[in-house]
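This report concerns only the one structure given below.
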Amino acid sequence: MLIKLAWKNIWRNKKRSIIIILAAFFGIWGGVLTNGIFVGMWETTIEAAISRELSHIQIHHVKFRDERLITQFISEINTIEKILQSNPYIQNYSVRSILEGIALSPSSVNGVKIFAIDPNKEKLITSIHQKVIEGVYFSNKGYEILIGQKLAQKLKLKLNSKVVLSFQGMDNNLISTAFRVIGIFKTESKIFDETNVFIKHNDLQSILGTNIPIHEIAIRVSSTDLIDTTTKILKSELNNLSVQSWKELAPELSLTSGFLYLELNIFMGIILFALLFGISNTMMMSVFERIREFGVLIAIGMKKIKLFLLIIIESLILLFSGGLTGTLSGFLTIELLSRKGIDLSIFEEGMAAYGMSAILYPTLPFNMYISLFIMMLVTSIIASISPAIKAIRLKPAEAIRTYL
Amino acid sequence: MPLIEIISLNKIYDKTKVPVHALKDINLTIEKGEFVAIVGPSGSGKTTLLNMIGGLDSPTNGKVLINGINISKIKSDELIDFRLKNIGFVFQSFNLIPVLTAKENVEFIMLLQGVTKSEREKRTIELLNAVGLGDKIDSRPYELSGGQQQRVAVARAIASHPSFVLADEPTANLDSTSAEGLLDIMKELNQKLGMTFIFATHDNKVIRRVRRVITLEDGKIKSDVFQN
């Protein structure tokens with residue numbers, strides 16, 4: 001009864017109700033879309049960092065991340081690989097040797113991090129093979145190197161150019177070896193492209209003449225929901241090693257992500273705060289126009305709690321008519337844009353400096369819709385409280401004799 | 001036990017710090033089935049007395065007993081419930097809910113009472129037929145004439161099966177024909193169903209039709225006359 005009456009009451013003043021419903025529609029639609037773009041931008045950046053280098057979980061010697069010495073490798077690698085293979089959550093892993101060194105060309109020199117990898121296993125962990133823009137992702141020949149576009153430009157290297165890598169050997173002596181550029185990659189991050197190179201495990205083994213030291217095991221789990229659980233399990237199983245999820249490896253990404261959701265909720269809160277005044281004003285006007293009618297309703301026997309609820313329902317209908325359609329439209333717009341992505345390649349240079357992709361895929365997690373729903377509910381109720389109190393405080397004998 | 005018993009009723013309004021003694025020591029008894037008019041010039045206290053009987057306003061002192069219950073002692077929310085069950089109201093300006101149809105306006109009070117849907121519909125149709133608006137059940141108030149609106153208001157007032165109906169200037173906004181038609185309906189309800197009607201009015205058409213006329217002047221009962 002109350003819902004039917006509230007619905008009819010909303011349409012007494014069509015123009016006024018439509019204006020507030022449209023304000024709610026555009027406010028919420030714009031808010032949802034903007035949130036979707038921001039979340040998409042950040043999720044894309046995180047996913048790019050995970051795909052480029054981080055993976056979901058990494059294992060290191062406990063001191064390696066701080067000192068980065070070639071001698072700080074993971075021992076008993078076979079035992080560890082058995083543990084990883086027996087874990088049902090782990091989809092794939094790749095073992096890496098990581099050497100700090102310099103790359104020299106006839107024209108310049110640059111400090112680099114040298115990743116010695118098994119190309120086939122690395123394909124299952126990172127997306128470097130997809131980022132090759134010139135040449136190929138390794139072949140069967142020896143002493144091949146994959147370098148980033150930025151480094152190639154800096155050292156003036158082309159495909160098949162020779163580049164010398166110098167790094168410290170296991171015996172602390174300096175080792176220098178020439179590699180031929182087999183491929184040039186370009187990721188979302190200029191810094192990564194300038195400071196990271198990839199060679200093959202076999203070549204490093206030939207150079208060192210011993211078993212290759214494994215400094216890093218990069219792991220991908222079957223679902224992102226399993227990252228924390230798997231990290232916890234591995235930490236307990238490999239307590240003499242450093243096991244870290246991507247959130248621990250790149251705390252700045254994780255922290256910013258947390259703040260982003262807080263900021264976006266505040267952003268939606270500001271939109272709804274503005275709407276609150278509009279709805280409250282509309283409801284107050286509506287109550288003032290119906291003082292006599294409310295007096296009659298109280299006189300004939302409508303309990304004040306029902307009158308209170310009637311006004312709250314009217315406010316809910318006002319905000320939710322625009323708010324829910326705005327949310328749905330925002331959701332559909334995000335879905336549409338996420339299929340092809342938003343091309344921001346005109347800002348590519350600037351975005352690459354921050355490791356951001358030039359193609360944005362808007363997305364908004366389900367819990368953001370839930371929090372938006374709760375915020376709309378609270379806004380509606382707050383907006384209607386003052387008008388509702390005004391209505392229930394009416395004295396029927398006086399209200400009935402009010403003429404507007 | 002009388003339907004309504006008013007004992008030493010006084011009402012003093014304290015508006016703008018100048019007290020207005022609207023009702024002065026009123027004593028009155030109204031029995032079930034009466035058809036009574038409270039008359040008097042403007043400001044004589046007719047509406048105030050009607051509001052006291054209807055529990056819409058509280059006396060400064062004195063008692064209003066309905067079926068033996070002192071309504072001035074009933075708490076606000078319980079008084080609303082008491083009105084819902086015992087009192088029907090007809091107002092000067094009809095005061096129908098403009099967004100509801102004639103049928104919905106009549107049904108509304110029964111919804112508040114929790115009457116079942118089938119019973120509501122049956123009673124609504126019967127009442128609208130009884131007031132001559134069987135063909136207007138789906139009309140909104142703005143689609144009805146003043147007389148028709150007031151007839152819907154009468155149907156609404158008696159739909160809840162009240163002990164009595166209070167009608168404040170029910171014919172004031174009606175033309176003569178509509179007023180007579182409305183009074184015919186009320187008189188018939190009084191005679192056939194024994195429904196008690198109490199009017200506050202200065203309309204001679206009403207005064208001529210009632211059996212009892214209580215005249216107020218300056219907040220006091222000047223006369224209380226039964227007529228044929």
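The values are calculated or read from the model by the stated rules, or taken from the named source; none is laboratory data. As the structure is a prediction and not an experimental result, all values here were calculated from the model. Methodologically, a virtual Cβ is constructed for each residue, glycine included, from the backbone with ideal geometry; neighbour enumeration extends over all protein chains shown.
A few remarks follow.
- Selection count where residues are closer than 27 Å to A:Ser286 by Cα, facing chain A (nearest Cβ under 9 Å) and in contact (Cβ under 8 Å) with a residue 24 or more places away in the chain, scope segment B:57-91: 6
- All of (1) on the phi < 0 side of the Ramachandran plot; (2) free of Cβ contacts under 8 Å to residues at least 60 places away in the same chain; (3) within 14 Å of chain A (Cβ to nearest Cβ) hold for B:Asn95 with one exception: (1).
- Looking only at residues in segment A:84-106 that are hydroxyl-bearing (Ser, Thr, Tyr) and under 26 Å from the mean Cα position of the chain (by Cα), the one that is farthest from A:Ser161 (Cα to Cα) is A:Tyr89.
- Among residues of segment B:142-157 that are closer than 18 Å to B:Leu111 by Cβ, those with a Cβ under 7 angstrom from a residue that is at pLDDT 90 or above and assigned to a helix (DSSP H, G or I), sequence gap 6+ or separate chain, pair up as B:Val152/B:Ala102; B:Val152/B:Asn105; B:Val152/B:Val106; B:Ala155/B:Val106; B:Ala155/B:Leu128; B:Arg156/B:Asn105; B:Arg156/B:Val106; B:Arg156/B:Ile109.
- Only helices (runs of 4 or more DSSP H) whose full extent lies in segment A:200-285 are considered here, and the ones with at least 3 residues that are in the same structural domain as A:Phe73 (by TED's automatic domain parsing) are A:201-208, A:227-237.
- Taken over segment B:44-56, the criterion of being touching a residue at least 60 places away in the same chain (Cβ under 8 Å) and either surrounded by fewer than 20 Cβ atoms within 10 Å (Cβ to Cβ) or of a type outside the set (Val, Ile, Thr) (or both) is satisfied by B:Ser44, B:Gly45, B:Lys46, B:Leu49, B:Leu50, B:Gly54.
- Given (1) over 30 Å from A:Ile80 (Cα atoms); (2) under 30 Å from the mean Cα position of the chain (by Cα); (3) exposed (fewer than 14 other Cβ atoms within 10 Å of the Cβ), index of the condition A:Pro251 fails: (1)
- Looking across segment A:119-161, the residues that are surrounded by fewer than 17 Cβ atoms within 10 Å (Cβ to Cβ) and more than 29 Å from A:Glu349 (Cβ to Cβ) come down to A:Asn120, A:Lys121, A:Leu124, A:Ser139, A:Asn140, A:Lys141, A:Gly142.
- Test result for B:Ser160, surrounded by fewer than 19 Cβ atoms within 10 Å (Cβ to Cβ) and of a type in the set (Ser, Thr, Tyr): no
- Under the condition of being closer than 18 Å to A:Gly101 by Cβ, assigned to a helix (DSSP H, G or I) and not acidic (Asp, Glu), the residues counted in segment A:173-199 number 3.
- With a requirement of 3 or more residues that are touching a residue at least 24 places away in the same chain (Cβ under 8 Å) and in contact with a Gly (Cβ under 7 Å, 6 or more places away or on another chain), the strands (runs of 3 or more DSSP E) lying completely within segment A:94-150 that satisfy it span A:132-135.
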